[in-house]
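The values are calculated or read from the model by the stated rules, or taken from the named source; none is laboratory data. The structure presented is a predicted model; accordingly, all values stated were derived computationally and were not measured. All Cβ positions, even for glycine, are placed from backbone atoms using ideal geometry, and neighbour counts span all protein chains on display. Each accessible area value is taken on the protein alone, full model and side chains, heavy atoms only, with ligands, DNA and RNA left out. Shrake-Rupley method; radii C 1.70, N 1.55, O 1.52, S 1.80 Å.
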Amino acid sequence: MKKSILLFVFGLISSILLLPVSAQSLKQDALVLYQNGKYAEAISVCSQEIAENPNRIESYVVMCWALVRNRQYSEAEQRANEGLALSPYDLRLIEILGEARYYLGKNNGAMEQFQKYVASAPESGSRVGSAYYFMGEIYIRQARYQHADIALSAAVKKEPLIEKWWIRLGYAREMAGNYMQSVEAYEEALRLNSSSVEAERGRTRVSAKLQ
């Protein structure tokens, strides 16, 4: 009797171990891989998951995040569009499509996505600050420095501890001729990182124009 029970338990455990890994587990693994900077591996897992279930939006999201971080911008744009065809209002895909297009130099297309994102995302949205930052960079590319000032000001208001954003805000204000405000932005960057060469050069450059 005991032998029969042991055989039954052994068989049950063996059958569980032989079960295929679920799509949900694959998704979680992909996210962990992405968070650990293993972008190529995350992309591979997501590709497998999408092959098994082409309608799984979470896989498109994690894949696009990983593709952008892996600098595969064209593929990220393609995959984000595929995901948005399935779920047109997914804010994560809207924002990451903006990033892909930004890095591809598609300024108007990127701006459209970022504007959609900030218009619909909650105030606490995790990428609102980043979206405003990218919008500011696009305006700088277009030499629309007042607009860049507005966008980058919104970015640093959302996330005030990112030195680079303050430097870019200082530059936008400098190029717009708003020198006093430019110095303030450069000085804020230096408060965050007193050894920032770029911020120190910016402050010195603009201070000379105020004399």
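Quick look at the numbers
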read-out: DSSP-loop GluC sites (Glu not before Pro) across the stretch 95-124, with at most 16 other Cβ within 10 angstrom; value: Glu123
read-out: Relative contact order %, the stretch 89-194, counting alpha carbon pairs below 8 Å whose residues are six or more apart; value: 18
read-out: The chain: most fluctuating residue of Ala199, Ala66, Ala143 per GNM, C-alpha cutoff 10 Å; value: Ala143
read-out: Contour excess over end-to-end distance, with Cα ends at Ala119 and Ala40 and 0.36 nm allotted per residue; value: 25.3 nm
read-out: Probe 1.4 Å, protein heavy atoms only - accessible area per residue of the stretch 70-198 in square angstrom; value: 49
read-out: Computed over the chain: relative contact order in percent, which uses C-alpha pairs under 8 Å that are six or more apart; value: 9
read-out: Alpha-carbon radius of gyration plus Dmax, which is the widest Cα pair, for the chain in Å; value: 23.6, 97
read-out: Cα-based reach from Lys209 at 18 Å (exclusive), listing aspartates and glutamates while leaving out same-chain residues under 8 positions away; value: Glu174, Glu184, Glu187, Glu198, Glu200
